[in-house]
Amino acid sequence: MYFHELGHALQDLENPAQTTASTTQNLRGLFEAQAQIFEAAALRTIEGYLGIDLMRFADVPVVRNEAQFLLDNSKAFNGSAEHVLGHNMLWHEVLANTSGLNLGDELRTSKRLSGASAKALFDYLVSLDPADVDAWKAVAFSDSTRANEFIAISISRLELDLPTAV
């Protein structure tokens, strides 16, 4: 939670033009995407420093069903409008690669982004000109199969032999 809010604060400091621009749904979604990926970058960096993985989930029916439910709701844009839009913006961008960061291969291989990659994505999103956000989103969302690909990648992260106590 703290890292999420810190992501909002950093966006405001690094690109105040986004903050002072006319607020639109896409801009609010972008703010949430920035905060979400900053939070991920911070947590992944801490995991790397500690040498542990805090985001592991057992492939048991209750976890699989909950993950599928959350991912399906995100794909359908059900929930908090800007948070869900931000979530979708992140993964559409990673798979569309409008940033040129080539993070899609890392996501497909590692099933998540490293701390450094997540921070690079945060930096890219913060650098967007507010006047370009609608066009950027249109390109990132231009292939409807990206949502299904992200869901498949997410579900594939569930671990069969992970003890539920872990």
Residues meeting the amide H criterion for residue 159 (H placed from the backbone, H to H distance under 5 Å, 5 or more places apart or on another chain) are 57, 58, 59
In whole angstrom, how far apart do the alpha carbon centroids of segment 20-53 and segment 131-146 sit? 19 Å
HN-Hα couplings for segment 33-40 via Karplus (6.51, -1.76, 1.60; θ = phi - 60°), in whole Hz with x for Gly/Pro, come out as 4, 4, 5, 5, 6, 5, 4, 4
With Cβ to Cβ distances under 13 Å as the rule, what net charge do the other residues near residue 148 carry (K, R +1; D, E -1)? -1
Positive minus negative residues near residue 43 (Lys, Arg vs Asp, Glu; Cβ under 12 Å): 0
Output ordering of 34-41, 17-24, 107-114, 121-128 (per-residue mean of other Cβ within 10 Å, highest first) is 34-41, 121-128, 107-114, 17-24
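Quantify how much of the Cα-Cα distance distribution of the chain extends past 18 Å, in percent.
Here the tail beyond 18 Å accounts for 61 percent of pairs.
Read-outs: derived from the displayed coordinates by stated rules, not from any lab. Model, not experiment: these values are computed from the prediction. Positions of Cβ are generated from backbone atoms using ideal geometry, with glycine treated the same way; all protein chains shown enter the neighbour counts.
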